[in-house]
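Enquirer: First, the structure itself, so that you have it in front of you.
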Amino acid sequence: MHGPVRLDRDVEALVLDPSYRGTEVEAAACRLPCPLEWHPGFRLAVSELRRYPDYRGQECVDLGTKIAIDGYLNSRMIGAAALTGDHDEQALKRVWHYVARFGPLPPGG
């Protein structure tokens, strides 16, 4: 693309993870001049995360375990961890790789 992107003209839809339903992120998205859609979502159990230390490294497994809530990880938890500034952004990105690779929710799930 060359030039500015206009949400009202250039964006078909903003697609959010369902972990952001009912949050400030959803409220902000609803104010944008493009449609809001939801994808099925990603949620990864820490027990599943721990099965794959070789995928992105034990450090990422440890970080994911640390930021998980009630034994699970999702997009919102990773985003909240990023906002604290306490974690390396690249490490959080690799945790996201785990969630996206091993934690897709089944349709309707």
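Enquirer: Considering the chain as a Gaussian network with a 10 Å cut-off on Cα pairs, which listed residue, D62, D17, D88, attains the greatest mean-square fluctuation?
Expert: So, out of D62, D17, D88, the one fluctuating most is D88.
Enquirer: Helix-derived [θ] at 222 nm for the chain: sum -39500 (n - 2.57) over DSSP H runs of at least 4, divide by residue count, nearest 500?
Expert: For the chain, the value works out to -12500 deg cm²/dmol.
Enquirer: Counting other beta carbons within 10 Å of each residue's own, what order do R6, R31, R43, R50 fall into, fewest first?
Expert: R31, R6, R50, R43
Enquirer: Say each of E89 and D70 gets a label point 7 Å from the Cα, pointing the same way as Cα to Cβ; how far apart are those two points in nm?
Expert: Here the answer is 3.1 nm between the modelled labels.
Enquirer: What does the charge dipole of the chain about its Cα centre add up to, to the nearest 20 debye, if the Cβ of each Lys and Arg holds +1 and the Cβ of each Asp and Glu holds -1?
Expert: 180
Enquirer: Compute the Rg/Rh shape ratio of region 44-102: radius of gyration over Kirkwood radius, all on alpha-carbon atoms.
Expert: Dividing the radius of gyration by the Kirkwood radius yields 0.91.
Enquirer: Also: In nm, what is the difference between 0.36 nm times the number of residues separating A80 and E37 and their Cα-Cα distance?
Expert: Separation in residues times 0.36 nm, less the Cα-Cα distance, equals 13.4 nm.
Enquirer: Also, I was wondering about something else. Of the residues L32, L49, L16, which exhibits the maximal mean-square fluctuation in a Gaussian network model of the chain defined by a 10 Å Cα contact cut-off?
Expert: Among L32, L49, L16, the largest GNM mean-square fluctuation belongs to L32.
Enquirer: Also, I was wondering about something else. In a GNM of the chain with a 10 Å cut-off on Cα contacts, which of A13, A81, A68 has the highest mean-square fluctuation?
Expert: It is A13.
Enquirer: So how far apart, in nm, are the two label points at R9 and L105 if each is 7 Å from Cα heading toward Cβ?
Expert: Taking the simple label geometry, R9 and L105 are separated by 3.6 nm.
Enquirer: Could I ask something else about it? Using unit Cβ charges (K, R positive; D, E negative) and no other charged atoms, how large, in debye to the nearest 20, is the dipole of region 57-109 about its Cα centre?
Expert: 220
Enquirer: Using Cβ counts within 10 Å as a stand-in for footprinting exposure, how do C60, C30 rank, fewest first?
Expert: C30, C60
Just so you know, all these numbers are worked out from the coordinates, no wet-lab data involved. All values reported here derive from a predicted model rather than from experimental measurement. Cβ sites come from the backbone with ideal geometry, for glycine too, and all protein chains shown count toward neighbours.
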